[in-house]
1. Among all residue pairs at least 6 apart or on different chains, which show Cβ distances below 7 Å where the first residue, located in segment 78-101, is farther than 23 Å from Phe14 by Cβ and the second is part of a helix (DSSP H, G or I) and more than 8 Å from the ligand (Cβ to nearest atom)?
2. Restricting segment 144-158 to residues that are under 19 Å from the mean Cα position of the chain (by Cα) and among the small types (Gly, Ala, Ser), which is surrounded by the fewest Cβ atoms within 10 Å (Cβ to Cβ)?
3. Show the residue pairs that are 6+ apart or on different chains and have beta-carbon atoms under 6 Å apart, the first residue being within segment 43-68 and more than 14 Å from Val81 (Cβ to Cβ), the second being within 14 Å of the ligand (Cβ to nearest atom) and among the β-branched types (Val, Ile, Thr).
4. Kindly indicate whether any position in segment 43-50 is in a loop (DSSP other than H, G, I, E, B), buried (at least 20 other Cβ atoms within 10 Å of the Cβ) and of a type in the set (A, V, I, L, M).
5. Suppose we filter Ile268, Ile175 for residues that are out of contact with any helix residue (DSSP H, G or I) (no Cβ under 8 Å at 6 or more places or on another chain), modelled with pLDDT of 95 or more and surrounded by 14 or more Cβ atoms within 10 Å (Cβ to Cβ); which single one remains?
6. Would you check which residues across segment 20-42 are buried (at least 18 other Cβ atoms within 10 Å of the Cβ), of a type in the set (Gly, Ala, Ser) and within 13 Å of the ligand (Cβ to nearest atom) and list them?
7. May I ask you to say which residue of Thr123, Thr101, Thr141 is within 13 Å of the ligand (Cβ to nearest atom) and either of a type in the set (Val, Ile, Thr) or buried (at least 22 other Cβ atoms within 10 Å of the Cβ) (or both)?
8. If you scan segment 201-257, which residues turn out to be in a loop (DSSP other than H, G, I, E, B) and of a type in the set (S, T, N, Q)?
Amino acid sequence: MKRPAKNDTSLRTFPGPLLLLGAGKMGAAMLEGWLKRGLAPGKLIVLEPQAGKAVKGLSRRGLKLNPKGKAATAAAIVIAVKPQSAPAAVPSVAAHVGKSTLVLSIMAGRTLRFLQSTLPVGTAIVRAMPNTPAAIGRGITVAVGNAKVSARQRKQASDLLAAIGAVEWTSDENIMDAVTAVSGSGPAYVFLLAEAMTKAGIAAGLPAPLAARLARETVAGSGELLHRSDLDAATLRQNVTSPGGTTAAALEVLMGPGGFDELLTKAIAAATRRGRELAG
Ligand SMILES: NC(=O)c1ccc[n+]([C@@H]2O[C@H](COP(=O)([O-])OP(=O)(O)OC[C@H]3O[C@@H](n4cnc5c(N)ncnc54)[C@H](OP(=O)(O)O)[C@@H]3O)[C@@H](O)[C@H]2O)c1
């Protein structure tokens, strides 16, 4: 048999069972990504009281939905319930944790310390922070593991997260509040940019539907260009700015005192502080 390449993120050879706790928006997006990457539905166990049609349909293809009886030891467990459901929900997976089980949590603000105190002693745990573009497989996730996570489990976590987008690792859990403030909350800033451009376009004399369409497609198209380009954002910006031209006139305002840089620095600092407060 051909051995999978080291950077192969296919889940065809992923050892089962893979248990998903919470198949809401994020959990369902991950599930969809895993299946697309070749994970067999028979390797999946889903614990979700309000399973949607798609998950229920998969139970006809071997997925085990809220199974009763003796708990199977899972190769990996993904926790995707809301942080406030965690104290009630997380203990329900403890019986599925074995010696080599990896637990991967995507709950915002729930620390490794919290997870370690809720799961059996010695469990290998990865805490990860994805963002909403995960819903279309274009998220970015930052992950941090505890000391029990082996190289193999780290690769497993990367493969599971790659199903919803790009993955970065850190060894410093303290930066997770800043990560949340930049990429976790970041999609909201980008949507706000589209809203603000729409309002400004209307103020400049455009019909509202046209202003909204121009703002939406400009944000989306520029994001895609940034995504596909090897150039950094500053170079792409400079490339569309002729000296003395219209873009330069706007950038003088946006990059001036009280402009974008200052506002975003303040906004991201506020979100980081809030993350720390919520974590307690
Ligand atoms: N959405 C994002 O952009 C985003 C970004 C980064 C991180 N996250 C994290 O991802 C996690 C999930 O977010 P989401 O937006 O996907 O939330 P969601 O749509 O509310 O999904 C959570 C799911 O878990 C279910 N659940 C609750 N208690 C359970 C239990 N005891 N056993 C099994 N399932 C249970 C919920 O069912 P009920 O509806 O019946 O309660 C719900 O279907 C959160 O911790 C969030 O912090 C989300």
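1. Once the first residue is farther than 23 Å from Phe14 by Cβ and sits in segment 78-101, its partners that are part of a helix (DSSP H, G or I) and more than 8 Å from the ligand (Cβ to nearest atom) give Pro91/Thr118.
2. Applying the filter and picking the extreme gives Ser158.
3. Val55/Val46; Lys64/Ile45; Leu65/Val46
4. No; the residues of segment 43-50 include none that is in a loop (DSSP other than H, G, I, E, B), buried (at least 20 other Cβ atoms within 10 Å of the Cβ) and of a type in the set (A, V, I, L, M).
5. Numbers: Ile268 fails: out of contact with any helix residue (DSSP H, G or I) (no Cβ under 8 Å at 6 or more places or on another chain).
Answer to the selection: Ile175.
6. If the condition is that a residue be buried (at least 18 other Cβ atoms within 10 Å of the Cβ), of a type in the set (Gly, Ala, Ser) and within 13 Å of the ligand (Cβ to nearest atom), then Gly22, Ala23, Gly27, Ala28, Ala29 are the ones that fit.
7. Details: Thr123 fails: within 13 Å of the ligand (Cβ to nearest atom); Thr101 fails: within 13 Å of the ligand (Cβ to nearest atom).
Every option except Thr141 fails the conditions.
8. Of segment 201-257, the ones in a loop (DSSP other than H, G, I, E, B) are 204-207, 229-232, 240-245, 255-257.
Correct list: Ser229, Thr241, Ser242.
The values are calculated or read from the model by the stated rules, or taken from the named source; none is laboratory data. It should be emphasised that the depicted structure is a prediction, and the values quoted were computed from it without experimental measurement. A quick note on method: Cβ atoms are made from the backbone with ideal geometry, for glycine too, and the neighbour counts reach across all protein chains shown.
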